[in-house]
Amino acid sequence: MKFANPAPLGLFGFAVSLWMLSMFNVGWFTLATLPLMMSTAFVFGGTAQFLAGLLEYPRGNTFNFVAFCSYGAFWWSFALFLMVFGGKGPITYLGAWLVVWGVFTLFLWFATLKLRNRVLQLVFLTLWIAFFMLGASHLLGMDALHTAGGYVGMVTAALAFYLAAAEVINETHGKVVLPI
């Protein structure tokens, strides 16, 4: 019996949520978009990723299990922080929180260097850079750094979209159509 690959579900959930948040971070959309953005982050980013992570566990894929469950929890906590608590709290603490996620992501990026999947390596490389830029923007009060971090987030989301699409398309066609 063959089980479906849960990674594309997690990657698409991550990509959609990150892209929507990044468009907000670069200033393309206002606070009026926050409810839909955070609802998407909670349901698709959080729940779909966490579920994908749990489905990786019986497959013995420790990296995907840890990554998807962790980033699913990230989206849940971020949506909860903004939607339930109104994003209230010291902005510098939000910056520190993002930097901690950057450190976590940096260590996962190191793990990807052992893998042959170059697109996954780029996803994690750009993600830890985006986390550090966004975190530093709040710690240092630099709006330009926040905007730049949003653009790096869009690159990360595009890479994750490509990787998810490649995994689905390649499996469906039974051959490599989109290289990874």
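Across region 140-154, which residue is farthest from the chain's Cα centre (by Cα) among those that are touching a residue at least 24 places away in the same chain (Cβ under 8 Å) and buried (at least 18 other Cβ atoms within 10 Å of the Cβ)?
Selected residue: His146.
Within region 24-53, how many residues turn out to be farther than 20 Å from Leu163 by Cβ and aliphatic (A, V, I, L, M)?
Looking only at that region, the number is 8.
In this structure, is Pro58 surrounded by fewer than 19 Cβ atoms within 10 Å (Cβ to Cβ) and over 25 Å from Glu167 (Cα atoms)? Don't jump to the end; show me each part of the working.
Values: surrounded by fewer than 19 Cβ atoms within 10 Å (Cβ to Cβ): yes; over 25 Å from Glu167 (Cα atoms): no.
In short, no.
Tell me, which residue of region 61-80 that is free of Cβ contacts under 8 Å to residues at least 40 places away in the same chain and surrounded by fewer than 16 Cβ atoms within 10 Å (Cβ to Cβ) is farthest from Trp97 (Cα to Cα)?
This residue is Thr62.
Quick one: which of Ala96, Ala67 is over 14 Å from the mean Cα position of the chain (by Cα) and small (Gly, Ala, Ser)?
Only one candidate qualifies: Ala96.
Could you list, in sequence order, all residues of region 1-46 that are of a type outside the set (Val, Ile, Thr) and not in a helix (DSSP H, G or I)?
Met1, Lys2, Phe3, Ala4, Asn5, Pro6, Gly27, Trp28, Phe29
Is region 138-145 home to any residue that is closer than 23 Å to Phe42 by Cα and either at pLDDT 95 or above or not hydroxyl-bearing (Ser, Thr, Tyr) (or both)?
Within region 138-145, one or more residues are closer than 23 Å to Phe42 by Cα and either at pLDDT 95 or above or not hydroxyl-bearing (Ser, Thr, Tyr) (or both).
The values are calculated or read from the model by the stated rules, or taken from the named source; none is laboratory data. The model shown is predicted, which means the values in this text are computed figures rather than measured ones. Neighbour counts are summed over all protein chains in view; Cβ atoms, including those assigned to glycine, are modelled from backbone coordinates with ideal geometry.
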